[in-house]
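Asks: Below is the structure I would like to discuss, written out as structure tokens.
Just so it is clear, none of the values below were taken in a lab; they were calculated from the coordinates. All of these numbers come straight from a predicted model, not from anything done at the bench. Note: ideal-geometry Cβ built from the backbone for every residue, glycine included; neighbour counts use all protein chains shown.
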Amino acid sequence: MPLAPRPCVALAGFALALVLAGCGDADPAEPSRTGAAVTADTAAPPTTAAREPAADQTAPVGTNGLAVDADGDLWVADLDGAQLLEVDPATGAILRRFGATDGVDAPDDVAVDAAGNVWWTGFLTGRVGRVSPDGTNVIMAELAPGANPIAVRADGRVVVALAFTGDALYELDPTGVDEPRLIVDAPGALNGFAFGDGGRLYAPRFGVGGTGSVVAVDVDSGAIETLAQGLSLNSSVKTGADGTPYVLTGAPSTVSTLDLATGELEPVASVPTAAVDNMAFAPDGTLYVSSFNTPTISVVAPGGTVTTFDVGDSSG
């Protein structure tokens, strides 16, 4: 979710409500498919050398979308820094960096598929790209500006939503052959989302002053069910290994579990960074939380202990 100054969306902490009032939702533009099937799915995985720290450890401007790959590395979308980073979460070291020269532009969110491909959304341009394990980047679709959350289901289905400068939910062809399919027009500012039990998409409908909610979307029919209401600055919903939805809210920054039967949220951790943005689970149950205006990642251990680390070197 973009939460820093940018065209029509200048979301900076509590100034968010004032800015959103001036942002009109654009009609979903006719999307296009720009890449056909590529060979990245069968590319060799990165070598051990590729996991060595990069020479350039300049810290990102902020941390937006997050994803964890099969090696346990953390992928970080730095929207304001216009780059995608592969990070060693044990040290905070940047392993690989993808930017404009690699065809990656203003990535807002990121997801990893079963083949190890890293999908990213370009908020300013609407492009959706895919970085293969060998580092090759291919533009898979071009939507309208506002391309924001992205998720890949276990069976390989890919969904992307426009938010804040647009409002639509699409399914993309993972091979890049077919045109994107509009699932729902104007679903309502869906943000960092994830698939859950039954293959439904769990998503925050971002809101301020208690207008936010959590919804479940049937990506086949487009049917939307409201699961919880009355939330504020709710920016991300991710599911734990047992299928429990975890909800990230701001002011104060809190991670809560959602009881699907009652719609009640139960706080499980307070996060020290104020400008929280998104979350990602590691296979061991560790939860990473991003902060859109700092290089800091918060780490919620399975037992609830919270620590932080900075990505790269921000001393310079």
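Asks: Being free of Cβ contacts under 8 Å to residues at least 60 places away in the same chain and closer than 23 Å to Ser291 by Cα narrows it down to one residue among Pro107, Pro145; which is it?
Replies: Unique residue meeting the criteria: Pro107.
Asks: Quick check on region 185-194. Is at least one of its residues among the aromatic types (Phe, Trp, Tyr) and either in a strand (DSSP E or B) or out of contact with any strand residue (DSSP E or B) (no Cβ under 6 Å at 6 or more places or on another chain) (or both)?
Replies: no
Asks: On to the next question. Testing Ser221 on (1) closer than 21 Å to Val158 by Cα; (2) under 20 Å from the mean Cα position of the chain (by Cα); (3) without any contact (Cβ under 8 Å) to a residue 24 or more places away in the chain, one condition comes back false. Which one is that?
Replies: Failing condition for Ser221: (2).
Asks: Considering each residue of region 232-245, count those that are without any contact (Cβ under 8 Å) to a residue 60 or more places away in the chain and crowded, with 23+ Cβ neighbours inside 10 Å, and give that number.
Replies: Of the residues in region 232-245, 4 are without any contact (Cβ under 8 Å) to a residue 60 or more places away in the chain and crowded, with 23+ Cβ neighbours inside 10 Å.
Asks: Okay, moving on. Sort through Pro302, Pro272, Pro283, Pro295 and tell me the only one that's exposed (fewer than 15 other Cβ atoms within 10 Å of the Cβ), within 30 Å of Ala54 (Cβ to Cβ) and under 18 Å from the mean Cα position of the chain (by Cα). Full working, then the answer.
Replies: Details: Pro302 fails: under 18 Å from the mean Cα position of the chain (by Cα); Pro272 fails: under 18 Å from the mean Cα position of the chain (by Cα); Pro295 fails: exposed (fewer than 15 other Cβ atoms within 10 Å of the Cβ).
When all the criteria are applied, what remains is Pro283.
Asks: Which condition breaks for Gly198 when tested against (1) among the small types (Gly, Ala, Ser); (2) on the phi > 0 side of the Ramachandran plot; (3) in contact (Cβ under 8 Å) with a residue 24 or more places away in the chain?
Replies: Every condition holds for Gly198 apart from (3).
Asks: Filter region 79-104 for residues that are in contact with a Pro (Cβ under 7 Å, 6 or more places away or on another chain) and touching a residue at least 60 places away in the same chain (Cβ under 8 Å); which is farthest from Val159 (Cα to Cα)?
Replies: Per the stated criteria, the residue is Ala93.
Per-residue answers, yes or no, for (1) of a type in the set (A, V, I, L, M, F, W, C); (2) within 24 Å of Asp73 (Cβ to Cβ):
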| site | (1), (2) |
| --- | --- |
| Phe195 | yes, yes |
| Thr211 | no, no |
| Val214 | yes, no |
| Ala228 | yes, no |
| Lys238 | no, yes |
| Val247 | yes, no |
| Asp259 | no, no |
| Phe281 | yes, yes |
| Val289 | yes, yes |
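Asks: Which pairs turn up if I take residues in region 266-283 that are over 24 Å from Phe195 (Cβ atoms) and look for partners that are among the β-branched types (Val, Ile, Thr) and crowded, with 20+ Cβ neighbours inside 10 Å with beta carbon separation below 7 Å, at least 6 apart in sequence or on another chain?
Replies: Final answer for the pair search is Thr273/Thr296.
Asks: Continuing with the same structure: Go through Val61, Val76 for me and flag whichever is part of a strand (DSSP E or B) and among the β-branched types (Val, Ile, Thr).
Replies: Unique residue meeting the criteria: Val76.
Asks: Report yes if some residue within region 94-111 is assigned to a strand (DSSP E or B), within 16 Å of the chain's Cα centre (by Cα) and farther than 18 Å from Phe123 by Cα; otherwise report no.
Replies: Within region 94-111, none of the residues are assigned to a strand (DSSP E or B), within 16 Å of the chain's Cα centre (by Cα) and farther than 18 Å from Phe123 by Cα.
Asks: So which residues in region 70-93 are over 25 Å from Leu124 (Cβ atoms) and acidic (Asp, Glu), if there are any at all? Quick ask: steps written out before the conclusion?
Replies: Within region 70-93, the first condition is being over 25 Å from Leu124 (Cβ atoms), and the residues that meet it are 70-73, 88-93.
Within region 70-93, Asp71, Asp73, Asp88 meet the criteria.
Asks: Would you confirm whether any residue within region 167-177 is β-branched (Val, Ile, Thr) and either more than 23 Å from Gly129 (Cα to Cα) or assigned to a strand (DSSP E or B) (or both)?
Replies: Within region 167-177 (the criterion being β-branched (Val, Ile, Thr) and either more than 23 Å from Gly129 (Cα to Cα) or assigned to a strand (DSSP E or B) (or both)), the answer is no, since none of the residues qualifies.
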